[in-house]
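Shown next, in structure tokens, is the structure this report addresses.
Where a number appears in this text, it was derived from the coordinates with a stated rule and is not lab data. In this text, all values refer to a predicted model and were calculated from it rather than measured experimentally. Because the Cβ atoms are built from the backbone with ideal geometry, glycine has one as well, and the counts that use them run over all protein chains shown.
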């Protein structure tokens with residue numbers, strides 16, 4: 001790979017990330033009818049590959065691929081799993097680790113949920129297991145949401161531990177994982193950990209272009225939306241029951257129509273999923289390891305070589321696919337980001353309301369990490385060091 | 001262009017259509033941060049080009065490009081323009097011409113609208129102006145919906161005439177146009193005809209891959225959702241007020257974030273819009289003419305050479321980008337569609353509930369019509385004639 005330049009930069013933001021050439025080429029797939037056999041075959045295979053990505057072992061679970069964005073996943077949860085017509089099904093607990101947990105809480109509220117927002121003790125931290133257990137014992141929550149990686153802070157949650165706690169203390173609560181910046185890079189065992197609904201998007205840990213809302217629902221979520229729930233779902237496009245019949249048909253190789261799928265995006269997702277899971281469960285575990293190694297290298301460099309502080313306060317709870325970093329004293333994002341872009345590295349500013357102007361973010365997911373022919377990570381670190389040095393002189 | 005084969009077929013369905021190579025190539029655009037300058041420039045330009053596509057002359061109107069599908073456009077209308085908390089803002093009139101009008105009505109009902117479904121006198125027909133005027137005089141409708149082309153029947157509505165009637169009899173009603181199978185192929189003058197909200201998708205008359213919900217809102221719709229409406233919008237992802245601030249910022253060249261846009265899809269839409277409007281208003285009018293000519297040629301052939309009947313009962317109210325055709329006596333879609341696909345032509349079956357098994361559909365939009373180097377239309381008609389002849393022998 002050639003060195004990045006301002007004319008041909010690399011996207012080192014926490015999504016959209018750099019894409020593999022084959023994934024990108026699949027975006028230009030020739031046109032296909034969305035209900036004719038060739039595309040149905042691709043959709044069928046894609047939904048099947050999702051089972052491996054999510055480590056789902058129950059055939060009654062179901063994957064969903066819907067035109068939209070990661071954000072739409074929150075509506076899928078809120079519109080379908082919150083039934084505001086009953087006291088027993090309107091309570092939601094949001095285990096909050098940043099901006100994206102806040103937004104999920106807002107979305108739940110829009111659909112009539114009574115939301116308990118369990119805030120972390122500090123920005124960059126996470127609510128303790130004790131505080132979660134205490135909350136779970138006070139109220140029956142219809143849904144409990146965990147933001148696996150909050151892209152605003154880079155805080156990684158221990159989903160296994162929290163899900164185990166919820167499963168023990170409040171077994172009827174639906175366990176929801178926002179995996180937008182995690183699934184494909186961080187370990188998530190849908191079946192073993194008793195997850196009920198996980199949502200994500202292609203442009204981060206999966207490594208395919210944006211434009212899709214990807215979700216995975218447990219058998220008991222499907223039973224709730226298809227059978228148990230009596231009140232109408234207050235949404236049309238985000239109605240999970242409509243989509244579940246489409247996804248089941250498509251995965252069975254039968255044409256079905258509710259809304260025209262994004263044919264080319266699904267081809268690119270198909271290629272990305274093949275790359276992630278094609279060599280079996282070991283391949284994806286190796287992918288997690290590669291990301292953890294790269295993340296450690298980046299965080300060590302930022303802390304030790306650059307003398308900077310990362311936003312995630314606990315290294316054991318720091319994301320492996322991105323790093324949020326406090327700016328050096330006297331340097332602003334208005335200086336740092338254009339200076340990096342001029343060297344061909346696009347980074348992201350801050351987004352957490354309490355510290356937005358004080359930090360920046362680096363994404364390190366997908367081919368930038370696993371394709372050893374790429375110089376992305378080393379070039380980014382080297383350039384960051386030089387740019388900070390140059391800016392510090394002024 | 002080479003002759004289509006079953007290995008390299010042409011999509012002659014009413015969307016997704018065949019795409020221009022440059023449009024398709026733009027789908028593989030290298031990754032970009034969705035809030036960095038290069039992509040913002042593309043988004044800005046795309047939103048500006050939409051003004052020309054919709055023939056909007058009021059700078060206070062606003063275009064929207066949201067990850068999703070045409071279907072999402074119905075939610076945008078229903079969630080934002082129907083306020084079910086007030087009697088005065090919950091009535092909707094659906095001027096029905098088929099399956100897609102039915103579905104729009106269903107979507108409006110999901111958001112609490114009291115829907116008056118003005119059915120056509122027969123499948124393939126359309127409600128008379130008199131019946132629309134009579135309905136408008138009985139009740140104040142918050143929204144009146146017109147399906148410009150109902151893709152299930154191929155019926156084309158005279159939007160100008162109907163909008164003029166609504167504007168005269170019920171000037172406070174929002175005039176909504178479902179332009180999913182029309183905008184880019186059929187004339188729609190957003191400003192001159194007093195349209196308030198028009199929705200579409202890229203994969204039909206515009207000629208870019210699916211994955212986007214495209215909409216255009218009048219200044220008074222924006223005033224309603226941003227200022228007048230007092231009750232909360234019962235949706236998060238489909239909340240127009242959230243999106244309007246994003247679209248205004250992006251069109252002004254400023255970064256804004258609500259949900260990650262489909263970067264590659266927007267690049268392809270950008271190229272498609274450039275192709276449609278780049279040579280000024282005359283170019284798009286010429287595009288309409290070319291589609292009308294091709295449509296007439298196809299319909300004449302189907303009626304006169306093949307002796308078949310088209311579903312749209314009135315030639316003046318037949319779509320120019322697609323044709324719905326009753327099957328010949330004794331031939332089913334289970335025979336016709338695979339036989340055509342074996343010759344490299346993918347057609348669509350029926351979708352209107354009353355006649356679904358009795359008819360099929362041909363799409364004739366975009367490069368298949370305007371690119372004179374392509375053989376798509378002639379090859380489709382020739383193949384259709386031969387296949388029907390062969391099937392009739394058995």
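Distances between copies at residue A:326, taken between label points 7 Å from Cα along the C-beta direction, are 7.7 nm in increasing order. If both residues of a DSSP beta bridge must be in the protein assembly as shown, then about 50% of such bridges are antiparallel.
Against the main long axis of the alpha-carbon atoms of chain B, helix B:333-342 sits at an angle near 80°. Shape of chain B from the C-alpha gyration tensor: oblate (a/c of 1.5 or more and a/b not above b/c, with a ≥ b ≥ c the square roots of its eigenvalues). If R0 equals 56 Å, the separation of the Cβ atoms of residue A:84 and residue B:389 corresponds to a calculated FRET efficiency of about 0.40. Residues within the reach of a label modelled at residue A:314 (point 7 angstrom out along Cα to beta-carbon, backbone nitrogen below 18 Å), restricted to segment A:113-130, are A:118-130. For residue B:5 and residue B:297, the FRET efficiency from 1/(1 + (r/R0)^6), where r spans their Cβ atoms and R0 equals 22 Å, is about 0.40.
Classify the protein assembly as shown: rounded, prolate or oblate, from the alpha-carbon gyration tensor (a ≥ b ≥ c, eigenvalue square roots; a/c under 1.5 rounded; otherwise prolate if a/b is larger than b/c)?
Details: a/c = 1.66, a/b = 1.50, b/c = 1.11.
Prolate.
The angle between the Cα long axis of helix A:281-300 and the main principal axis of chain A comes to about 40°, on a 0 to 90 degree scale. Using a Gaussian network model of chain B in which every pair of alpha carbons under 10 angstrom is joined by a spring, one finds that among B:48, B:31, B:182 the greatest mean-square fluctuation is at B:31. Between copies, the label points of residue A:305, set 7 Å from Cα on the Cα→Cβ line, lie 6.9 nm apart, reported in increasing order to one decimal in nanometres. For segment B:82-229, the Kirkwood estimate of the hydrodynamic radius, built from every pair of different alpha carbons, is 15.4 Å.
In terms of the Cα gyration tensor, with a ≥ b ≥ c the square roots of its eigenvalues, is segment B:107-186 rounded because a/c is under 1.5, prolate because a/b exceeds b/c, or oblate? Don't jump to the answer; show the numbers that get you there.
Working: a/c = 1.42, a/b = 1.31, b/c = 1.08.
Because its axes are fairly even, with a/c under 1.5, segment B:107-186 counts as rounded.
Placing a label point 7 Å from the Cα of residue A:282 along the Cα-to-Cβ direction, the distances to the matching points in the other copies come to 6.8 nm, shortest first. Taking the DSSP beta bridges with both ends in segment A:22-277, the antiparallel portion is around 40 percent.
Here the gap between residue A:131 and residue A:230, fully extended at 0.36 nm per residue and compared with their Cα-Cα distance, gives a gain of 32.4 nm. When the Gaussian network model of chain B links Cα atoms closer than 10 Å, the mean-square fluctuations of B:334, B:259, B:105 top out at B:334. Once the Cα atoms are used to define both axes, helix A:159-169 deviates from the longest principal axis of chain A by about 30 degrees. Separation of segment A:228-301 and segment B:83-104 by C-alpha centroid, Å? Cα centres, segment A:228-301 to segment B:83-104: 34 Å.
Calculate, in nm to one decimal, what residue A:306 and residue A:60 gain on full extension: separation in residues at 0.36 nm each, minus their alpha carbon distance.
Result for the pair: 83.6 nm of gain on full extension.
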